[in-house]
1. Checking residue B:165 against (1) open to solvent by 20 Å² or more (accessible area, probe 1.4 Å); (2) more than 10 Å from chain A (Cβ to nearest Cβ); (3) at pLDDT 95 or above, only one condition comes out false. Which one?
2. Do you know which residues across the stretch B:176-202 are over 21 Å from residue B:254 (Cβ atoms), facing another protein chain (nearest Cβ under 7 Å) and at pLDDT 95 or above?
3. Which number in (1) in a helix (DSSP H, G or I); (2) open to solvent by 10 Å² or more (accessible area, probe 1.4 Å) marks the one condition that residue B:109 misses?
4. Pairs under 8 Å by beta carbon, first residue open to solvent by 30 Å² or more (accessible area, probe 1.4 Å) in the stretch B:112-132, partner at pLDDT 95 or above and among the hydroxyl-bearing types (Ser, Thr, Tyr), six or more apart or different chains?
5. Which of the residues that make up the stretch B:423-434 are within 11 Å of another protein chain (Cβ to nearest Cβ) and either open to solvent by 50 Å² or more (accessible area, probe 1.4 Å) or not in a helix (DSSP H, G or I) (or both)?
6. When the stretch B:260-290 is examined, which residues are found to be farther than 18 Å from residue A:19 by Cα and either within 11 Å of chain A (Cβ to nearest Cβ) or among the β-branched types (Val, Ile, Thr) (or both)?
7. Taking the stretch B:53-82 only, how many residues are open to solvent by less than 10 Å² (accessible area, probe 1.4 Å) and either closer than 30 Å to residue B:182 by Cβ or over 22 Å from the mean Cα position of the chain (by Cα) (or both)?
8. State which residue pairs qualify: first residue surrounded by 24 or more Cβ atoms within 10 Å (Cβ to Cβ) and inside the stretch B:214-240, second residue of a type in the set (Lys, Arg) in any location, beta carbons under 8 Å apart, and separation of 6 or more residues or different chains.
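The values are calculated or read from the model by the stated rules, or taken from the named source; none is laboratory data. Since this is a predicted model, take the numbers as computed values, not measurements. Please note: Cβ atoms are built from the backbone with ideal geometry, for glycine as well, and neighbour counts cover all protein chains shown. Note: accessible area is taken over every heavy atom of the protein model, side chains too, but ligands, DNA and RNA are not part of it. Shrake-Rupley method; radii C 1.70, N 1.55, O 1.52, S 1.80 Å.
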Amino acid sequence: MKRFASLVAGVLAAWMAGWLALTVVPRQQLASVGPPAGLMPYTAEQLAGRRVYVANGCLYCHSQQPRASDLGPDSLRGWGRASVPGDYVYDDPHLLGTSRTGPDLLNIGVRQPSEDWHLIHLYQPRALVPGSIMPAFRFLFVVKARAAPGDRVVSVPPQWAPAGEVVVARPEALALVAYLRGLDRSYPASGTMGIHHGR
Amino acid sequence: MTADGLPASLEERVALRIAGDRSVRQVVMLFFGSALFWLLIGSLLGLVTSLKFEWPDLWTGTAWLTFGRIRPAHLNTMAYGWSSLAGLGAAVWLVARLTGTPLLHERLALASVVLWNVAVGAGTIAILAGRSSGMEWLEFPRWAGVILAIAGAPVGLSLLAMVRRRTLSHMYVSLWYLVGAVFWFPLLYIMANAPLWRGVDQAAMNWWYGHNVLGFWFTSISLGTIYYLIPKIIGRPIYSYQLSLLGFWGLAFFYSLVGVHHLVGGPLPDWLISLSVVASVLMIIPVVAVGYNHHMTAFRHLGALRWSPTLRFIVFGAVSYTLVSLQGSLEALQFFNRIVHFTHYTVAHAHFGLYAFVAMVLFGAVYYIVPRVAEREWPYPGLILAHFWLSVTGFAVYFIGLSIGGWRQGVAMLDASRPFLDSVTVTLPYLASRSVAAVILVVAHLIFIGHFSLVAMRRGPVRATPALLGEIPMGARDA
């Protein structure tokens, strides 16, 4: 090639094709998707918890996108129906994820509604799930000699609890658990917009 | 002057080349030196990431040491620190050589070195401090992304100025890829950081960027480097100009569409996912064209692998490009995707691309370029040999183990009669082998960094001849 201008024109055209097809057109197509009737906006505490989820990289092991039954046994594992665009209208950043070193979490609030369970699990996953390789999140808790008024004490099983001390959840842990318990897309799907549904 | 703009006499051509190499010395050594700093940091972060799978109770009291922060810090330091800075260093040198023009606007290029490092440093610290944006490949918070976008502009302008004022009228294939990369990266990165998206269209944008940055940035720079160095070392022209054209334009128009194959089965319109899957399969055309072109060029001269350190790394990288791309096309197909999606198999594939292809090519480029710009040979050929074999061994252990582990993980996950935890348990031995691989790779990189430091600080024995791995037979030339 000898002409710089032709090279640059081709380079820009290739980029533009991908940009239009993969980002602009989908955005236009999905612009009409509104929130489904069963989906509430996140509360302030849930949003704070979502930031804890992002800050600590939960998305590197947990997806939030149950798939249709011909692609995997997601619903049989209790992860919920195949998700649709409307399920994510309040999500920024999106947390669809690309890895399932741990289970999908889009409906963890349905499967595991207990605040106690989540707090113990975050403090020491192996206390509740033997064989789990999820990291413990001890920095979300304070270990102290005695609980102060208003402290949320975590009922860690004795063999995992620090001897003679109590484990107290920090506000970040409580916010994260509020977010996780709020993850519930069990209402009927709507606004499916030509997506795969399992045939 | 010849018709192509080259000086007619050999002496003048050599003088032009030496003047070009000298003009980029400071800029290239700074790009490479800082790239190696990030290679060290990124390798250690990778090792810690791997160990976190072995010992999930390791360092759990400190927020910045948690798995979910160390992992993106590893990816970003390796991608935007090591690979991008080393790639920019190689690009500056290649453009000076291919245009027959000494470096223009050196201060602009130097400003890029400094700002780019500031952006990577600030962005990485932000990730460790819990300020990640939460999108893979785009974890640097927006303000750090703005610094990175600004940082790329000066060196980009310097490179384009050299291409515009080239003394050689013909643009060799390497220049197509480099000019492409100079335009593509800022367009991708700025659009991806614009606050225009949410929900599932943000996911589409995320993977549009996440895959294009591989093809339009890391792959383009690496292919441009291979296209220059293979013919240079073996002293023969590239096999086919037509295949070069097909490979370049095929990559440009198909690669731009492949990104959404990361979301196969996800909550996005069927047409969008199908488009990306089809484009992923069409990528076979440019990949085979480029592979055939490279391998046919090198094929009859593989004897040079015995003595040329650069060619070993470059040919290993070129073969990896062919294989990893074909594997990528396969992974996009639904029958294969349903098993490996969401598993460590994908992680192994990513390292096939960014390590066995991109990093190996960049290692080869550093070995070739440094003696020419620093005007000092590598003091210890044995260290180059050790680096090569440790990198190959470490990568092989990494890839084979994690691919098998990821496959078994996927099979277990698809079997509803097995508890989910089975899909974790089956991976444990393979995750352990990955940690062994990480240690080997850290050692390989320490050797490389140590050796580079000797040259940069002008220490160690001075060699009068190039550091080769064996005797050059009669008739072969240039190392």
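1. Exception for residue B:165: condition (3).
2. B:202
3. All conditions are met except number (2).
4. Partner pairs satisfying both residue conditions: B:117/B:34.
5. B:425, B:427, B:428, listed by residue number.
6. Once the filter is applied, which keeps residues that are farther than 18 Å from residue A:19 by Cα and either within 11 Å of chain A (Cβ to nearest Cβ) or among the β-branched types (Val, Ile, Thr) (or both), the stretch B:260-290 yields B:264, B:265, B:266, B:267, B:281, B:284, B:285, B:287, B:288, B:290.
7. 10
8. B:228/B:97
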